[in-house]
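**Student:** Dropping a structure here in structure tokens format, bear with me for questions.
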């Protein structure tokens, strides 16, 4: 499953979200969700961030997190049969 986090949530809610994420899933941060970039390493699956959204908010790139453009997001979406937006 592709999980797309679009809003900034607190640490407790993010930890609760992570209980629904499995190893074969993918978690993408976009819009204000990019503010959770430093916590993304907690996910049990690959983590992604929309590069332009991260840059617009003045956040630095994080090692181990794959940066995507919109074309990359479309490709990732095509690789997953289902998705959920948070």
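Every number in this text was worked out from the coordinates using simple rules, so none of it is lab data. In this text the structure is predicted, and so the values were computed from the model without any measurement. As a convention, Cβ positions derive from the backbone with ideal geometry for all residues, glycine included, and neighbour counts pool all protein chains shown.
**Student:** Which one of 72, 58, 64 is touching a helix residue (DSSP H, G or I) at 6+ places or on another chain (Cβ under 9 Å) and in a loop (DSSP other than H, G, I, E, B)?
**Tutor:** 64
**Student:** Can you tell me which residue within the stretch 7-29, out of those that are over 17 Å from residue 71 (Cα atoms) and under 12 Å from the mean Cα position of the chain (by Cα), is surrounded by the fewest Cβ atoms within 10 Å (Cβ to Cβ)?
**Tutor:** 7
**Student:** Going by what's in this entry, would residue 3 be described as within 11 Å of the chain's Cα centre (by Cα) and surrounded by fewer than 15 Cβ atoms within 10 Å (Cβ to Cβ)?
**Tutor:** No: the conditions fail for residue 3.
**Student:** Something else about it: Which one is surrounded by the most Cβ atoms within 10 Å (Cβ to Cβ), of the residues in the stretch 41-53 that are in contact (Cβ under 8 Å) with a residue 24 or more places away in the chain, touching a helix residue (DSSP H, G or I) at 6+ places or on another chain (Cβ under 9 Å) and not in a loop (DSSP other than H, G, I, E, B)?
**Tutor:** In this case the residue turns out to be 48.
**Student:** Could you check, for the stretch 59-78, whether at least one of its residues is surrounded by fewer than 16 Cβ atoms within 10 Å (Cβ to Cβ) and touching a residue at least 40 places away in the same chain (Cβ under 8 Å)?
**Tutor:** Yes, the conditions are met somewhere in the stretch 59-78.
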